[in-house]
Structures are given as C-alpha cells and as structure tokens.
Amino acid sequence: MIRPTDIFMDMSGSAADQIRESNRQLTNDVILSLGLTAPTEALSDDSKLGSTITIANGEYGGFLCKNAGSVYKGIGAASKITKPVTINADCIIDGIHFVSGSGRPGNLVSIAVGCVVIFRNCVFEKIGGDGGAYVSLATPSGAVVAKANLIGCVFQGPNSGAVVNNPGAAANVNTIGCYDKTGGGFAGTTGVGNL
C-alpha cells in the first residue's frame, strides 16, 4: 500500500510554487467564508440595516456603533478592544474583552441616550488605576433613556470609578449573573444572581 506521505514530491520549481499559492488562496477563502474581522482591520458597521461583526483573537481599537441591530461577537477568548467604544444605536455585544490601556482615562464603553445594548459574556477590565466607568450610560433626556442588560459579564481591575455609571433609574440597567471583581459593586443597577 502506498501512502501519500510515501510519494516523493519535488518541491522546487513552478509546480511547488503553484501548490503553495493554491494553499494560500484556499486558506484566505476559508477565512473570508467565516466572516472574521482580523486585528489588522477596523471594526465598522457601515451597512444600512445593521451588521454582524465577528472578530478573531487579537487586539482591536475602539469602535462607534451607529446602526441599529448591529451584533459584535468575539470568536475567541483573546478578542480584545483596547480603546473607547461609543454606542449610538441598539446592538448586541457578545464575548468581547474590553480593556483599558495603562494611563488611559475615560469609560471603556459609553452608551448614548435612546440606545438599548445587550452585553453577553463580556469582560470589562481597567488597568493601573485608569479613571472613568467600565460602562457609562448617557444622562436621560426627558423620557428618553439609555438602557443596558449585562448578562454573565465580568468586571475586573482596581476599583477606580463606577462599575456602571447609570444616571437614570436602576431599572435601566440589569446585571444578571455578573461577577464584580473590582470591589465597587453594582450600584444603580437592578441585579439578579450577581457575585
């Protein structure tokens, strides 16, 4: 019986180059078919009816969510956002690690008035005493408020500001099964099953 590994293949010359190029193209096609955003690409929800953005492991800059219905999903445990995020439209954010840079003050995530955001299985981390809130909601404008549901999220780092800055009613922010490792607590939120 002859196995493919038993067959001698001359890997020099144009045939080998064609095989290598074919393999590179196949790899690129597989990555594109998965719809992953690589760390070298900017996160953007430029479509008119919302977007689905799946990010691979790596570090990404911040982003501006401006289209209602956008979904941001981290595909791996090392899908990290290292700059501020501003949310100006309803969206879902799933499995992303938000981390401040050392000495970078400000909120990790800011939610505009009128927006509803669902965070699932996210990690919010402050480093080295960086100020600002982990998640901050805009001040209500009359009856229009910002809202957030945080489900299974972890907040870690030093207690250097509000975990959730919610200037509205506690019912505008639900923390469900979240873990606060900062020691700051979930003041100003409605909590269920938090640790």
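So what is the accessible area of region 69-189 per residue, in Å², with the probe set to 1.4 Å? Provide the component values of the computation, followed by the final result.
Numbers: 4540 Å² over 121 residues.
Dividing the accessible area of region 69-189 by its residue count gives 38 Å².
Spelling out what I want: for every residue of region 148-153, take phi, set θ = phi - 60°, compute 6.51 cos²θ - 1.76 cosθ + 1.60 (Karplus), and round to whole Hz; glycine and proline get x.
8, 10, 10, 10, x, 9
Distance between the C-alpha centers of region 65-89 and region 116-191? Whole Å please.
Comparing the Cα centres of region 65-89 and region 116-191, I get a distance of 16 Å.
Treat every Asp and Glu Cβ in region 61-163 as -1 and every Lys and Arg Cβ as +1, leave all other atoms uncharged, and give the resulting dipole magnitude about the Cα centre to the nearest 20 debye.
Numbers: 8 positive and 4 negative charges, 24 e Å.
Computed charge dipole of region 61-163: roughly 120 debye.
What is the percent carbon and sulfur in the accessible area of region 53-195, measuring with a 1.4 Å probe over the protein chains and ignoring ligands? Show your work: numbers first, answer last.
Numbers: 3140 of 5630 Å².
Of the solvent-accessible surface of region 53-195, carbon and sulfur hold 56 percent.
The values are calculated or read from the model by the stated rules, or taken from the named source; none is laboratory data. Note that the coordinates shown come from a computational prediction; the quantities given were computed from them, not determined experimentally. Every residue, glycine among them, receives a Cβ derived from its backbone with ideal geometry; neighbour counts consider all protein chains shown. Remember, those area values only see protein heavy atoms, side chains included, never the ligands or the DNA or RNA. Shrake-Rupley method; radii C 1.70, N 1.55, O 1.52, S 1.80 Å.
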